[in-house]
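Report on one structure; see the data block that follows.
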Amino acid sequence: MQFDLRNILGDFVAIFFPKECACCGCALKYQEKYICIACDFHLPYTNFHTYSDNDTARQLWGKVPIEEACSFILLQKGSRVERLIYQIKYNNQPFLAEYFGYQYGLKLLESELYRGLSAIVPIPLHTSKLRKRGYNQSTYFGQGLSRAMNIPLRDDVLKRQRATMTQTGKDRLSRYENVEDVFVCRQLSQPLGEHVLLVDDVLTTGATIVSATLTLQESWGCKVSVATLARAQ
């Protein structure tokens, strides 16, 4: 009988330092990864990727021309998902975004609506915020999607040319004004393609997505679809 020393050591360490569920904080049991079975069962997953007339798409209609739009899970204040997003953005756990990106990518592969994509483009952070946080959670989400869908991740496309104030607490109009003309497209050494998937962690008012989409369309004339990890309710 062969033994995997790494697994044995990992199980031994877990006895004294158990890994916690990213959604509820309880100790993960054997073979549970990142989130416990109970939270996985109760997470408000959507099926937005299976039909065009969904709440994420409706939120963007009339603001910017998009092909398709979807979100993986729904976000409510005080929920499991809110804790998950906090862990990703502020508690140095970007691998959670990649994990959920991979899971969502497998679902998008099953959808006829997301065929023919040429690239996955994450919403960028400003360099000052990237330096402070150390990573871009949207890039990690895009990496998971890219790995599952075998579509190249292009984090060299968009640049946030000025730092914006936090969107938290702003009304809808102020959010749009806050991100107006905030993005520019970089000079590319490789073509972007005709249809890109623009990705972000959370869709709130849609102001950031609208600004980035308009920048992509004006600069490259490409079609844009949208995928986010969560949609705020």
On a 0 to 90 degree scale, rounded to 10, what angle separates helix 137-149 from the longest Cα axis of the chain?
80
Per the 1.4 Å probe, what fraction of the accessible area of the chain, in percent, lies on carbon and sulfur atoms?
51
So who's got an amide H within less than 5 Å of the one on Cys70, skipping anything under 5 residues away but keeping other chains? H placed 1.01 Å off N, in plane.
Val226, Ala227, Thr228
If we count every other residue with Cβ under 11 angstrom of Leu229's Cβ, Lys/Arg +1 and Asp/Glu -1, where does the sum land?
-1
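Applying 1/(1 + (r/R0)^6) with R0 = 22 Å to the Cβ-Cβ distance of Leu106 and Gln217, what FRET efficiency is obtained, to the nearest 0.05?
Values: r = 28 Å, r/R0 = 1.28.
About 0.20, to the nearest 0.05.
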Please calculate how many Å² of accessible area the chain carries per residue, with a 1.4 Å probe and no DNA, RNA or ligand atoms counted.
55
Phi to ³J(HN,Hα) by Karplus 6.51 cos²θ - 1.76 cosθ + 1.60 over the stretch 204-218, Hz, x for Gly, Pro:
10, 7, x, 4, 5, 4, 4, 4, 5, 4, 4, 5, 5, 5, 5
Span from the the stretch 133-152 Cα centroid across to the the stretch 92-132 one, whole angstrom:
4
Hey, can you grab everything whose amide H is under 5 Å from the amide H of Lys223? Only 5+ residues off in sequence or another chain; H modelled, so Pro and N-termini drop out.
His195, Val196
If I take every Cα pair under 8 Å that is 6 or more residues apart in the chain, average their sequence separation and divide by the length, what percent do I get for the relative contact order?
22
Pull out the extension gain between Gln187 and Thr50, defined as 0.36 nm times the separation in residues minus the alpha carbon to alpha carbon distance; nm, one decimal.
45.9 nm
Could you go through the stretch 109-121 in sequence order and give the Karplus-derived ³J(HN,Hα) for each residue, using 6.51 cos²θ - 1.76 cosθ + 1.60 with θ = phi - 60°, rounded to whole Hz, and x for Gly and Pro?
4, 7, 9, 5, 6, 10, 8, x, 6, 9, 6, 10, 10
In what sequence, highest mean first, do 145-151, 188-194, 116-122 appear when ranked by Cβ atoms within 10 angstrom?
116-122, 145-151, 188-194
Nearest 10, in degrees from 0 to 90: the angle of helix 80-90 to the longest Cα principal axis of the chain is 80
Below 9 angstrom from the Cβ of Ser71, what's the summed charge of the other residues (Lys, Arg +1; Asp, Glu -1)?
0
Amide H contacts of Leu75 (H built 1.01 Å from N, under 5 Å, at least 5 apart or other chain):
Arg231, Ala232, Gln233
Calculate the length of the line joining the C-alpha centroid of the stretch 31-68 to that of the stretch 182-233, in whole Å.
17
Reach of Lys107 by Cα under 16 Å, taken over aspartates and glutamates that are not fewer than 8 positions away in the same chain:
Asp40, Glu68, Glu98
Per-residue HN-Hα couplings for the stretch 55-60, Karplus 6.51 cos²θ - 1.76 cosθ + 1.60 at θ = phi - 60°, whole Hz, x for Gly and Pro?
5, 5, 5, 4, 5, 9
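The values are calculated or read from the model by the stated rules, or taken from the named source; none is laboratory data. Since this is a predicted model, take the numbers as computed values, not measurements. Methodologically, a virtual Cβ is constructed for each residue, glycine included, from the backbone with ideal geometry; neighbour enumeration extends over all protein chains shown. Areas reflect the complete protein model, heavy atoms only, side chains present, ligands, DNA and RNA absent. Shrake-Rupley method; radii C 1.70, N 1.55, O 1.52, S 1.80 Å.
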